[in-house]
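Report on the structure given below.
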Amino acid sequence: MITFDNVEIRYGDFAAIQNLNLIINEGEFFTLLGPSGCGKTTTLRSLVGFIKPSQGTILIEGVRVNDKPVEEREIGIVFQSYALFPTMNVFDNIAFGLQLQKKSKTLIEQMVWEIAEKVDLNNEQLNKRVSELSGGQQQRVAIARALVMKPKILALDEPLSNLDANLRGQLRMELKRLQREFGITTIYVTHDQEEALTISDRIAVFNKGYLEQVGTPKEIYNESKTEFVTNFIGDINLLPGNLKKELEIDIKRQAYIRLEKIYLEPPHPSPERYHQLGVVLVEKEYYGNLSKYTYQYQGDLMRSYVIDNERNDCAIGDHVDIYIDKNAILTF
Ligand SMILES: Nc1ncnc2c1ncn2[C@@H]1O[C@H](COP(=O)(O)OP(=O)(O)OP(=O)(O)O)[C@@H](O)[C@H]1O
């Protein structure tokens with residue numbers, strides 16, 4: 001278990017993290033998420049030992065680590081800044097830490113081969129220089145180099161951000177599989193909300209140095225606790241004033257609804273749950289499997305996702321009825 005107890009982290013006068021209270025459980029895939037500059041890297045760096053908190057305590061398995069050097073924390077690190085050695089071959093990169101520990105040659109070979117197989121690096125790739133590998137393969141090497149040391153914790157800072165979308169999707173599933181197989185507590189930093197939602201057991205959303213919400217991906221998405229989280233995760237409609245009046249929502253409050261909670265046909269036969277609204281379709285964006293429709297309602301715009309099938313195929317300018325799931329409205 002990792003505990004941040006009332007942690008503050010400063011760069012000179014600037015407090016990059018304030019008042020952080022957070023518990024990460026054994027074996028969890030835990031993601032630190034938030035926009036650029038919110039303090040997620042700072043939090044991870046303090047756990048790893050690159051920066052010391054100016055206040056508060058960081059505990060790993062109940063032991064205070066504020067003053068413990070990086071190499072004694074038993075954390076596997078996969079950071080952009082923690083680069084591989086480009087001119088060394090892949091085997092030597094993965095073996096580097098084991099060689100420092102003066103393990104025997106036979107044991108090192110056995111451990112490197114074992115981990116290489118787990119991250120899908122073959123013998124031929126083990127003999128190549130790192131600079132001869134693709135971006136995705138290099139990330140596999142970085143992950144293998146961390147895991148081979150059998151760390152208690154794996155810390156990853158945007159490890160997939162330089163890769164193209166397809167490879168990123170594939171590698172994050174591999175990473176999740178590895179994490180499950182090893183059962184290793186993993187702390188993962190990303191600004192990509194889709195990545196966070198697909199890969200994590202739990203997510204901590206940060207904003208301007210403060211923790212906004214901690215929860216499972218479903219809790220973060222469907223039960224956002226703050227207006228910031230609501231807007232940061234996924235695409236969302238802000239309900240226009242006239243609609244708030246129709247729905248008897250306090251006009252002074254902000255009310256939101258997710259795009260997939262507005263339907264062209266009510267999905268359940270329970271009419272009282274859905275608010276029917278006459279609108280005009282003004283824009284369609286085609287995404288293949290679905291489209292994003294924009295409707296005009298008394299001068300305001302609202303958007304929804306529409307599954308692409310013949311029944312839903314409306315034309316721009318059509319007057320249609322949409323159905324708003326009243327249970328899914330979030331108010332602040
Ligand atoms: N070495 C430093 N000296 C001074 N300020 C810093 C330093 N490193 C980070 N900061 C500041 O601390 C804040 C948090 O930075 P941090 O790198 O933790 O953000 P982040 O959420 O990881 O953002 P990004 O996704 O852009 O990396 C930012 O305002 C940043 O400018």
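Condition check: in contact with a Phe, Trp or Tyr (Cβ under 9 Å, 6 or more places away or on another chain) and closer than 30 Å to Phe206 by Cα. Does Gln276 satisfy that? In short, no. The residues in segment 20-49 that are within 11 Å of the ligand (Cβ to nearest atom) and either among the basic types (Lys, Arg) or not in a strand (DSSP E or B) (or both) can be counted, and the count is 13. Across segment 221-241, the qualifying residues are those that are among the hydroxyl-bearing types (Ser, Thr, Tyr) and surrounded by fewer than 21 Cβ atoms within 10 Å (Cβ to Cβ), and the one among them that is nearest to Tyr305 (Cα to Cα) is Tyr221. Out of Ile58, Ile77, Ile17, one residue alone is modelled with pLDDT of 95 or more and more than 11 Å from the ligand (Cβ to nearest atom). It is Ile58. Every condition in (1) open to solvent by 50 Å² or more (accessible area, probe 1.4 Å); (2) closer than 29 Å to Pro53 by Cα; (3) out of contact with any Ser or Thr (no Cβ under 6 Å at 6 or more places or on another chain) is met by Gly215 except one, and the failing one is (1).
Just wondering, is there one or more residues in segment 189-196 that are assigned to a strand (DSSP E or B) and either of a type in the set (Asp, Glu) or open to solvent by less than 10 Å² (accessible area, probe 1.4 Å) (or both)? First the steps, then the outcome.
Here is the first cut: in segment 189-196, the residues assigned to a strand (DSSP E or B) are 189-190.
Subset that is either of a type in the set (Asp, Glu) or open to solvent by less than 10 Å² (accessible area, probe 1.4 Å) (or both): 189-190.
So far as segment 189-196 goes, yes, one or more of its residues are assigned to a strand (DSSP E or B) and either of a type in the set (Asp, Glu) or open to solvent by less than 10 Å² (accessible area, probe 1.4 Å) (or both).
So which of Leu277, Leu239 is in contact with an Asp or Glu (Cβ under 8 Å, 6 or more places away or on another chain) and at negative phi? Spell out the reasoning first.
Working: Leu239 fails: in contact with an Asp or Glu (Cβ under 8 Å, 6 or more places away or on another chain).
The conditions single out Leu277.
Any residue in segment 277-292 that is open to solvent by less than 30 Å² (accessible area, probe 1.4 Å), under 34 Å from the mean Cα position of the chain (by Cα) and aromatic (Phe, Trp, Tyr)? Break it down stepwise before answering.
Start the filter on segment 277-292 by keeping residues that are open to solvent by less than 30 Å² (accessible area, probe 1.4 Å), which leaves 277, 279, 281, 291-292.
If we keep only those that are under 34 Å from the mean Cα position of the chain (by Cα) as well, we get 281, 291-292.
Keeping just the survivors that are aromatic (Phe, Trp, Tyr) gives none.
Within segment 277-292 (the criterion being open to solvent by less than 30 Å² (accessible area, probe 1.4 Å), under 34 Å from the mean Cα position of the chain (by Cα) and aromatic (Phe, Trp, Tyr)), the answer is no, since none of the residues qualifies.
When you scan segment 60-90, how many residues do you find that are of a type in the set (A, V, I, L, M, F, W, C) and open to solvent by 40 Å² or more (accessible area, probe 1.4 Å)? Before you say what the answer is, go through the steps one by one.
Quick first cut of segment 60-90, residues of a type in the set (A, V, I, L, M, F, W, C) only: 60, 63, 65, 70, 75, 77-79, 83-85, 88, 90.
With open to solvent by 40 Å² or more (accessible area, probe 1.4 Å) added as a condition, the list becomes 63, 83, 85, 88.
Here the count works out to 4.
Consider Lys52 carefully, then state whether it is farther than 21 Å from Arg140 by Cα, in contact with a helix residue (DSSP H, G or I) (Cβ under 9 Å, 6 or more places away or on another chain), open to solvent by 30 Å² or more (accessible area, probe 1.4 Å) and more than 10 Å from the ligand (Cβ to nearest atom). Answer is yes for this residue. Any residue in segment 150-162 that's over 17 Å from Ile199 (Cα atoms): show its pairings with residues that are open to solvent by 10 Å² or more (accessible area, probe 1.4 Å) and away from the ligand (no atom under 13 Å from the Cβ) at Cβ separation under 6 Å, as long as the two are six or more apart or on different chains. From residues that are over 17 Å from Ile199 (Cα atoms), the pairs are Pro151/Glu74; Pro151/Ile75; Lys152/Glu74; Asn162/Gly135. For Asn66, the criteria (1) near the ligand (Cβ under 10 Å from one of its atoms); (2) farther than 22 Å from Ala144 by Cβ hold in every case but one, which is (1).
The values are calculated or read from the model by the stated rules, or taken from the named source; none is laboratory data. Given the structure is predicted, the values throughout are model-derived calculations rather than measurements. Cβ sites come from the backbone with ideal geometry, for glycine too, and all protein chains shown count toward neighbours. Surface accessibility is based on the protein's heavy atoms, side chains included, excluding ligands, DNA and RNA. Shrake-Rupley method; radii C 1.70, N 1.55, O 1.52, S 1.80 Å.
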